[in-house]
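A.B. asks: Handing you a structure now.
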Amino acid sequence: MLDKELRSMIDKVADGKMNRRAFIQRMAAVGLTAPLANQILALGGVAMAEGTSTYKPTKRGGGGALKLLWWQGPTLLNPHFATGTKDQDGSRLFYEPLGCWDPDGNMKLVLAAEIPSIQNGLLAADGKSVTWKLKPGVKWHDGKPFSADDVVFTWQYTKDPATATVTSGVYRDIVVEKIDDLTVKITFPKPTPFWADAFVGAGAGQILPKHLFADYIGSKSREAPTNLAPVGTGPYKFVEFKPGDLIRGVINPDYHMSNRPYFDTIEMKGGGDAVSAARAVIQTGEYDFGWNIQVEDDVLLRLEKGGKGKTIYAVGGDTEFIALNFTDPNVEVDGERSSMKTKHPLFSDPAVRKALSMLVDRESVKKAIYGRAGRTTANFLNGPEKFVSKNTSWEFSIEKASKLLDDAGWKPGADGIREKDGKKLKLVYQTSINGPRQKTQAIVKQACQKAGIDVELKSVVASVFFSSDVANPDTYPKFYADLEMFQIPLSQPDPSQHMRRYLSTAAATKENKWQGTNFPRWVNKDYDEAINAADMEMDPIKRAALYIKANDLMWQDTVFIPVQHRLKVEAAANSLRPVISGWANETDNLFDWYREE
Amino acid sequence: MSQYVLRRLMIAIPSLLGISLVLFVVLALAPGDPFSELATNPNVPPEVQAALRAKFGLDDPIYLRYLHWLSAMAHGDWGFSFVSRVDVDTLILQRLPATLYVIGSAQILALLIAIPVGVYAATKPYSLFDQIANTLAFVGFSLPTFFTGILFILIFSVTLDWLPFVYSTDIKATGIRWVLEMIRQAIMPVMVLGLFQAASMTRFVRSAMLDVIRLDYVTTARAKGLGQAKVIVKHVMRNAMIPVVTLIALQMPAVFGGAIVTEQIFRIPGIGSLLISSILANDTPVVMAVTFVFACLVVLFNLIADVLYGWLDPRISLR
């Protein structure tokens, strides 16, 4: 039924009987997010709308200095070697992609001249190729013209295994060819519903100048002088870079967008911590913008009283979740803990998993910790790339959880801890060392205690927890605990990559050196089928239904207990008009930033 | 004497080798790897992670990696940072000026406070001045710099709005205004660190003075009818300064090593903050280089102190 309704809606938009904004709002209501809704329209035969700009200044420059504070300073300026978004953000001051996403999830053209669509013939109806027209007259900062060769080169550079770029996953399976100086064609190996991944956005999309990188492809990649002194096409020209400390740039007088940029100079300072970054922007006004302010909300509210700045929020798709281990972390089979050959002794009872979900008080976590930066949710998929299912719900009730456990035969023992068949409800719950996470742990532990579940809390240094170190037992993919909590950031506005992580075949095991991405080691045939089908599904509506189904399967099995849908939090001076999108990096829309006195 | 110096030098070389070996092994065995961020990035296929590890030699056995490092170091090649892919010596040189300026000023401030206060307190032990100085010194080194740092920020930056609390390496001014700005932004970190150092040093100076002031030759000098000032400055201070000079010499490496906490609070891009961010990122070559430089400085200044001892008191070099 959803199928039919959506199809008729797309037809209405195509016939002009329905406003596209109304369509996207309706889509959001059924769980589709804006960039995806737009791409669905595009594949449904309706041209994608270009993002609108709120930019007001009528001339280039004159805005003085823009001072940005990144509490984790960029350490290198080649986006394809970036470790973390900080490096992508720093590079993005100078390099540009073909397009990026605005706060509504619409595409904004940067180096491309036109948004590909089926109407203008640039997007193949079978989803197997897309053609991009480049903006004419764009120049690199050193005066050389930007052309299709640069785009093709960026593809060759990133996909080369010897270059070892962190973006190779986006480029290795596609083919990019030059049609003419201002046209490139991307061919996909199979129908690709999400066709705007390569060359779009700050994560993987930034395009490098061929004439400066051609000699440094492959094993010589580290020697490129431009790794530290970027020459891009962006609104600001590179001046100085001190890794981890400072990036400086000046206005690019030949920038290809009219009246832009507004600021004459730009500075990005690194180092310190989030709280003092918030203070320097909101309270003392030393800086104009502070990145990723992960600070408890009551601290921010206090800083904002009579301050010179404020916090701003952008909705993305990051979910803070608690994952349940489906294998036994305490038994070793063939020298491997949490082996696929075992079953979790307590979680093999679905009642225990359901009860645990009921013991996570999302509302309290929101009130006490995340405040304006969090939303309670029952879904694993909440965001840009995802379909937010309407079929799920969450509830916090110690009584109901207790009853559930009672009915399942888990009776409190002499020490108040429930047990059944000699197995006690004792759990180890781990997370990375991080204030909000550890407070959440405490809230969950308290509720569990009241329901007769003993929870032992464990926190691991983030650099260990998130590492791929095979020798360390405390990494999240090894998951030598019963529960673990963190979030996996979304790197693109499409669910495919994110959801493929939990295929049965992707389980993290000793055999694949725990490089597998399915760390709960959950095995579900229906899920696998849905994801594999969605991957090839060109019909956007059917695809939507498949991902909603996949999310609901996770919810039914309580693979994850979603705690919060987290918003991006930034600090900005009151006069600054930054453009922050939940589906893009903070510096992606920098060309549209200005100040209003 | 020259034999003594030679002997000391001969001991320094194996100790440096020993230190480097210990550092290397500890770092190699430490958990985590420099590509931890990539583990949660779905765009990075496992084979790219493996390629990066192989490229940076992370999968070689420890002894091989150590030998590589040692031979490269002997050729003056410090290696490059895994995280920023910049040569390590470039990184350190970039960070050194801020550290020397801020931490060095703090040391000078500490000396300027500690010596006069310590000396004067020792001449009048248990007087009101001595008691106040002692109390303040006690409070001073009991308060950690991360506490006083934030306190200073709240008072001078937030409430009074006099001083900036983000240290900038890029002041857009020239001439005298640049100098003034440089001083202005250094006031808080220098005060925080300087007062902390001064507190412990004051107590040290005081006790060194008290040790000497009770000696017979001082009484003799007084008996000869010399004035109090002359006795204190010429007879007592000169001798009392020997251990103080040693203490200062041994603290010199700290000036180069930076003050990790203070640099972090005020965002001073110094060696200390480089070290801490490199440790957090598991950037082994940088951690190795910084800590090794630090070890070299400790050994060097120990050597200098030993030589100074030998020169001051010839009996030491004969033993």
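The values are calculated or read from the model by the stated rules, or taken from the named source; none is laboratory data. All values derive from a computational prediction rather than experimental measurement. Please note: Cβ atoms are built from the backbone with ideal geometry, for glycine as well, and neighbour counts cover all protein chains shown.
A.B. asks: For A:Tyr429, work out the one condition from (1) more than 14 Å from chain B (Cβ to nearest Cβ); (2) among the hydroxyl-bearing types (Ser, Thr, Tyr); (3) part of a helix (DSSP H, G or I) it doesn't fulfil.
C.D. replies: So the condition that A:Tyr429 fails would be (3).
A.B. asks: Considering every residue within region B:85-95, establish whether at least one is part of a loop (DSSP other than H, G, I, E, B) and within 13 Å of chain A (Cβ to nearest Cβ).
C.D. replies: Yes: region B:85-95 contains one or more residues that are part of a loop (DSSP other than H, G, I, E, B) and within 13 Å of chain A (Cβ to nearest Cβ).
A.B. asks: Considering only region A:63-71, I want to know if a residue exists there that is in a helix (DSSP H, G or I), within 14 Å of another protein chain (Cβ to nearest Cβ) and modelled with pLDDT of 85 or more.
C.D. replies: Within region A:63-71, none of the residues are in a helix (DSSP H, G or I), within 14 Å of another protein chain (Cβ to nearest Cβ) and modelled with pLDDT of 85 or more.
A.B. asks: What's the number of the only condition in (1) outside any strand (DSSP E or B); (2) more than 12 Å from chain B (Cβ to nearest Cβ); (3) not β-branched (Val, Ile, Thr) that A:Asp474 fails to meet?
C.D. replies: Status for A:Asp474: all satisfied but (2).
A.B. asks: For residues that are part of a loop (DSSP other than H, G, I, E, B) and within 9 Å of chain B (Cβ to nearest Cβ), scanning just region A:78-99, find the one that is modelled with the lowest pLDDT.
C.D. replies: Within region A:78-99, the match that is modelled with the lowest pLDDT is A:Gly84.
A.B. asks: Another one. Of everything in region A:143-174, what is in contact with a helix residue (DSSP H, G or I) (Cβ under 8 Å, 6 or more places away or on another chain) and farther than 27 Å from B:Pro45 by Cα? Give them in sequence order.
C.D. replies: Selection gives A:Lys144 alone.
A.B. asks: Can you tell me which residue is surrounded by the fewest Cβ atoms within 10 Å (Cβ to Cβ) among those in region A:178-187 that are outside any loop (DSSP other than H, G, I, E, B) and out of contact with any Phe, Trp or Tyr (no Cβ under 9 Å at 6 or more places or on another chain)?
C.D. replies: The residue in question is A:Asp180.
A.B. asks: I'd like to know if region A:534-541 contains one or more residues that are in a loop (DSSP other than H, G, I, E, B) and hydrophobic (A, V, I, L, M, F, W, C).
C.D. replies: Scanning region A:534-541 turns up at least one residue that is in a loop (DSSP other than H, G, I, E, B) and hydrophobic (A, V, I, L, M, F, W, C).
A.B. asks: Now a separate question. Could you pull out every one of the helices (runs of 4 or more DSSP H) wholly within region B:167-271 that has 2 or more residues that are under 24 Å from the mean Cα position of the chain (by Cα)?
C.D. replies: By residue number, B:175-213, B:238-257, B:260-265.
A.B. asks: Hey, another quick one. For A:Ser467, work out the one condition from (1) among the small types (Gly, Ala, Ser); (2) in contact (Cβ under 8 Å) with a residue 12 or more places away in the chain; (3) within 30 Å of A:Asp588 (Cβ to Cβ); (4) buried (at least 22 other Cβ atoms within 10 Å of the Cβ) it doesn't fulfil.
C.D. replies: (2)
A.B. asks: Here is a follow-up. Taking the condition away from chain B (no Cβ under 11 Å), surrounded by fewer than 23 Cβ atoms within 10 Å (Cβ to Cβ) and touching a strand residue (DSSP E or B) at 6+ places or on another chain (Cβ under 9 Å), does A:Asn518 pass?
C.D. replies: So A:Asn518 passes the test.
A.B. asks: While we're on this one: Those residues that are part of a loop (DSSP other than H, G, I, E, B) and within 11 Å of another protein chain (Cβ to nearest Cβ), I need them from region A:241-263; list them, please.
C.D. replies: A:Pro243, A:Gly244, A:Asp245
A.B. asks: Another question, then. Looking at A:Lys210, A:Lys190, which is the one that is in contact with a helix residue (DSSP H, G or I) (Cβ under 8 Å, 6 or more places away or on another chain), of a type outside the set (A, V, I, L, M, F, W, C) and surrounded by fewer than 20 Cβ atoms within 10 Å (Cβ to Cβ)?
C.D. replies: The match here is A:Lys190.
A.B. asks: Go through (1) over 36 Å from the mean Cα position of the chain (by Cα); (2) closer than 30 Å to A:Ser581 by Cα; (3) not hydrophobic (A, V, I, L, M, F, W, C) for A:Gly409 and report which single condition fails.
C.D. replies: Status for A:Gly409: all satisfied but (2).
A.B. asks: Go through region A:205-240 and give me each residue that's within 14 Å of chain B (Cβ to nearest Cβ), β-branched (Val, Ile, Thr) and out of contact with any Pro (no Cβ under 8 Å at 6 or more places or on another chain).
C.D. replies: A:Val239
A.B. asks: If you take the residues in region A:473-508 that are of a type in the set (Ser, Thr, Tyr) and either out of contact with any Asp or Glu (no Cβ under 7 Å at 6 or more places or on another chain) or free of Cβ contacts under 8 Å to residues at least 60 places away in the same chain (or both), which one is surrounded by the fewest Cβ atoms within 10 Å (Cβ to Cβ)?
C.D. replies: A:Thr505
A.B. asks: Which one of these does A:Glu586 not meet: (1) in contact (Cβ under 8 Å) with a residue 12 or more places away in the chain; (2) surrounded by fewer than 21 Cβ atoms within 10 Å (Cβ to Cβ)?
C.D. replies: Just one mismatch for A:Glu586, condition (2).
A.B. asks: Now for a separate question. Pick from B:Ala28, B:Ala51: which is in a helix (DSSP H, G or I), modelled with pLDDT of 80 or more and either within 11 Å of chain A (Cβ to nearest Cβ) or touching a strand residue (DSSP E or B) at 6+ places or on another chain (Cβ under 7 Å) (or both)?
C.D. replies: B:Ala28
A.B. asks: Follow-up question, since we're still on this one. Could we say that A:Phe591 is under 28 Å from B:Glu47 (Cα atoms) and aromatic (Phe, Trp, Tyr) here?
C.D. replies: no
Matching residues to (1) touching a Cys at 6+ places or on another chain (Cβ under 9 Å); (2) under 23 Å from A:Pro74 (Cβ atoms):
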{"residue": "A:Asp150", "(1), (2)": "no, yes"}
{"residue": "A:Pro161", "(1), (2)": "no, no"}
{"residue": "A:Val200", "(1), (2)": "yes, yes"}
{"residue": "A:Leu212", "(1), (2)": "no, yes"}
{"residue": "A:Ser221", "(1), (2)": "no, yes"}
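A.B. asks: Yes or no: B:Val205 in contact (Cβ under 8 Å) with a residue 12 or more places away in the chain and either β-branched (Val, Ile, Thr) or within 14 Å of chain A (Cβ to nearest Cβ) (or both)?
C.D. replies: yes
A.B. asks: Free of Cβ contacts under 8 Å to residues at least 60 places away in the same chain, out of contact with any helix residue (DSSP H, G or I) (no Cβ under 7 Å at 6 or more places or on another chain) and under 30 Å from A:Gly169 (Cβ atoms), is that true of B:Ala72?
C.D. replies: No, not satisfied.
A.B. asks: Among the residues of region B:242-262, is there at least one that is within 14 Å of chain A (Cβ to nearest Cβ) and touching a Phe, Trp or Tyr at 6+ places or on another chain (Cβ under 6 Å)?
C.D. replies: Within region B:242-262 (the criterion being within 14 Å of chain A (Cβ to nearest Cβ) and touching a Phe, Trp or Tyr at 6+ places or on another chain (Cβ under 6 Å)), the answer is yes, since at least one residue qualifies.
A.B. asks: Answer yes or no as to whether B:Ser36 is in contact with a helix residue (DSSP H, G or I) (Cβ under 8 Å, 6 or more places away or on another chain), modelled with pLDDT of 80 or more and not aliphatic (A, V, I, L, M).
C.D. replies: Spelling it out, it is not the case that B:Ser36 is in contact with a helix residue (DSSP H, G or I) (Cβ under 8 Å, 6 or more places away or on another chain), modelled with pLDDT of 80 or more and not aliphatic (A, V, I, L, M).
A.B. asks: Just to be sure I understand the filter: pairs with C-beta atoms under 6 Å, separated by 6 or more residues or on different chains, first member in region B:166-180 and within 12 Å of A:Arg248 (Cα to Cα) and within 14 Å of chain A (Cβ to nearest Cβ), second member assigned to a loop (DSSP other than H, G, I, E, B) and not hydrophobic (A, V, I, L, M, F, W, C). Which pairs pass?
C.D. replies: Matching pairs, first to second residue: B:Thr169/B:Pro269.
Residue by residue, here is whether (1) modelled with pLDDT of 90 or more; (2) surrounded by fewer than 15 Cβ atoms within 10 Å (Cβ to Cβ) holds:
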residue	(1), (2)
A:Arg418	yes, no
A:Val428	yes, no
A:Thr431	yes, no
A:Ala442	yes, yes
A:Val455	yes, no
A:Ala471	no, yes
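A.B. asks: Answer yes or no as to whether A:Val13 is at pLDDT 70 or above and surrounded by 18 or more Cβ atoms within 10 Å (Cβ to Cβ).
C.D. replies: Yes.
A.B. asks: What tally of residues in region A:447-461 results from selecting those that are within 19 Å of A:Asn434 (Cβ to Cβ) and more than 8 Å from chain B (Cβ to nearest Cβ)?
C.D. replies: Residues flagged as within 19 Å of A:Asn434 (Cβ to Cβ) and more than 8 Å from chain B (Cβ to nearest Cβ) within region A:447-461 amount to 6.
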